[in-house]
Amino acid sequence: MKFTSLAVAILSVSVVFIVLCTAAVALRIQARRTRSLPLKGDDYTIVAALIVNVALCASEIYGAVKNGDGRPLSALTAEESIAYLKLVYASFFVAQLALTLVKISVVQFYKRVFVTRGFSWAANIMTGVITLWFISFFFADLFSASPIRGHWDRKVYHPTINYDALLISTAAISMALDVIIFCMPISLVSKLQMSFKRKAMVMGIFWLGFFCVVSSAVRLYYINVYTTYKGNPNRVFTSQLNEITIWSIIESCMAVITACLPTYGPLIRGGRSADSLIHSIRVVISSRGKSLFSSSSKSTFESSDKTRTESSDSQEHMTQENNGTKRDRYEMMGSSGSTEFKDHRDLEAQRVVPGFMDSARSL
């Protein structure tokens, strides 16, 4: 069988990104094992995204070889046409699921880094928004034609919604969510007491996935071109639809790869680990809570010293005979009390700043 240039492009992109995505996730897991760290929720989510992406690429490889990807309508039999439309219909769901899982993984990674209550709430809300975005697309696409088999059997196709508008809005919202996700850490990082260079390094880690926004914009462009190309009766088989397929693969797979890049620090000998920068962020955040507590504890400690001094003066006037012995006892009690108070402050600091003492291990 002779493949068209578009079919070759789909085959090449699918094979290359299956390899790259698998390698990216494998390196991420190896980086965790290098530091003897357990996998977290964001790691498991990215593994799920990898599985979905492999399924997407495999289906497109099958479509290019068997179901007419890249060929015009006139070159397809009736059976090939139905098989191709089934593949197109299913691939939209798979691609959206892959993008959803990657977005959730990135947000959960942020949540693991920035251990403040406010950011945790923001991350949970963002995760909910992403989930609702996928659910709304799933049901809107599922019932966009009546009956459902009308998506691949054009003889019974009756649209229930404007499907072109659904494609554009879904892609546009996806790109907007990417921008919001990448902007989430800016406020916290900008407030940290760090040099501009270190802030730039930290933001560089979080902005490694900006290429996803670019690929999302390109995919949106081809969707817009496809939806406005209504004069061609073979529109569902035009090159624009195949371009959408190619950029859907690129976007979802690059999202997986860039989501894994910040975790490779332990694998680079002599390089600065991303975890060490993350640890620095958490130390700076936690030091704010400690400074607030230390100011109040300092006044309490000084008040306690003043009380002890007054008590010592009164004891000196009680009995001249046992003055030295009592003073020694008192100093021993005072030293013990000071130690207990110090321990109390340490415990309180750990309570005020949760996760501070175990920040390195928790990453």
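The values are calculated or read from the model by the stated rules, or taken from the named source; none is laboratory data. All values derive from a computational prediction rather than experimental measurement. Cβ sites come from the backbone with ideal geometry, for glycine too, and all protein chains shown count toward neighbours.
The single condition among (1) farther than 20 Å from Tyr89 by Cα; (2) assigned to a helix (DSSP H, G or I) that Met194 does not meet is (2).
Condition first: more than 10 Å from the chain's Cα centre (by Cα) and either in a loop (DSSP other than H, G, I, E, B) or surrounded by 17 or more Cβ atoms within 10 Å (Cβ to Cβ) (or both). Now tell me which residues in the stretch 113-126 satisfy that. Please lay out each step first, then the result.
Restricting attention to the stretch 113-126, the residues satisfying the condition of being more than 10 Å from the chain's Cα centre (by Cα) are 113-122, 124-126.
Val113, Phe114, Val115, Thr116, Phe119, Ala122, Met126 - these are the residues of the stretch 113-126 that are more than 10 Å from the chain's Cα centre (by Cα) and either in a loop (DSSP other than H, G, I, E, B) or surrounded by 17 or more Cβ atoms within 10 Å (Cβ to Cβ) (or both).
Condition (residue is hydroxyl-bearing (Ser, Thr, Tyr), crowded, with 17+ Cβ neighbours inside 10 Å and under 15 Å from the mean Cα position of the chain (by Cα)) applied to the stretch 230-253: is it met by at least one residue? Checking the stretch 230-253: at least one residue is hydroxyl-bearing (Ser, Thr, Tyr), crowded, with 17+ Cβ neighbours inside 10 Å and under 15 Å from the mean Cα position of the chain (by Cα).
Take Met201 and decide whether it is in a helix (DSSP H, G or I), at negative phi, among the hydrophobic types (A, V, I, L, M, F, W, C) and under 16 Å from the mean Cα position of the chain (by Cα). Spelling it out, it is not the case that Met201 is in a helix (DSSP H, G or I), at negative phi, among the hydrophobic types (A, V, I, L, M, F, W, C) and under 16 Å from the mean Cα position of the chain (by Cα). Filtered by the rule that a residue be in a helix (DSSP H, G or I), under 20 Å from Ile104 (Cα atoms) and of a type in the set (A, V, I, L, M, F, W, C), the stretch 140-187 gives Ala171, Ala172, Ile173, Met175, Ala176, Leu177, Val179, Ile180, Ile181, Phe182, Cys183, Ile186. Cβ-Cβ distances below 9 Å connect the following pairs, each with a first residue in the stretch 140-152 that is within 19 Å of Ala78 (Cβ to Cβ), a second residue that is among the polar types (S, T, N, Q) and assigned to a helix (DSSP H, G or I), and a separation of six or more residues or different chains: Trp152/Ser81. Taking the conditions (1) without any contact (Cβ under 8 Å) to a residue 12 or more places away in the chain; (2) over 17 Å from Ala255 (Cα atoms) in turn, Tyr44 satisfies each one other than (2).
crowded, with 21+ Cβ neighbours inside 10 Å, over 18 Å from Thr170 (Cβ atoms), of a type in the set (Val, Ile, Thr) and under 13 Å from the mean Cα position of the chain (by Cα): does that describe Val102? Spelling it out, it is not the case that Val102 is crowded, with 21+ Cβ neighbours inside 10 Å, over 18 Å from Thr170 (Cβ atoms), of a type in the set (Val, Ile, Thr) and under 13 Å from the mean Cα position of the chain (by Cα).
Remark: pairs (first residue in the stretch 65-79, within 16 Å of Thr245 (Cα to Cα) and surrounded by fewer than 20 Cβ atoms within 10 Å (Cβ to Cβ); second residue modelled with pLDDT under 70 and acidic (Asp, Glu); Cβ separation under 9 Å; 6+ apart in sequence or on different chains) are absent.
If I filter the stretch 73-83 for residues that are part of a loop (DSSP other than H, G, I, E, B) and within 16 Å of Pro262 (Cβ to Cβ), do I get at least one hit? Talk me through it step by step, then tell me what you get.
Let us first name the residues in the stretch 73-83 that are part of a loop (DSSP other than H, G, I, E, B), namely 76-77.
Adding the requirement that they be within 16 Å of Pro262 (Cβ to Cβ) leaves none.
No, the stretch 73-83 contains no residue that is part of a loop (DSSP other than H, G, I, E, B) and within 16 Å of Pro262 (Cβ to Cβ).
Of the residues making up the stretch 204-232, those that are in a helix (DSSP H, G or I) and either of a type outside the set (A, V, I, L, M, F, W, C) or outside the structural domain of Leu99 (by TED's automatic domain parsing) (or both) are Gly204, Ser215, Ser216, Arg219, Tyr221, Tyr222, Asn224, Tyr226, Thr227, Thr228.
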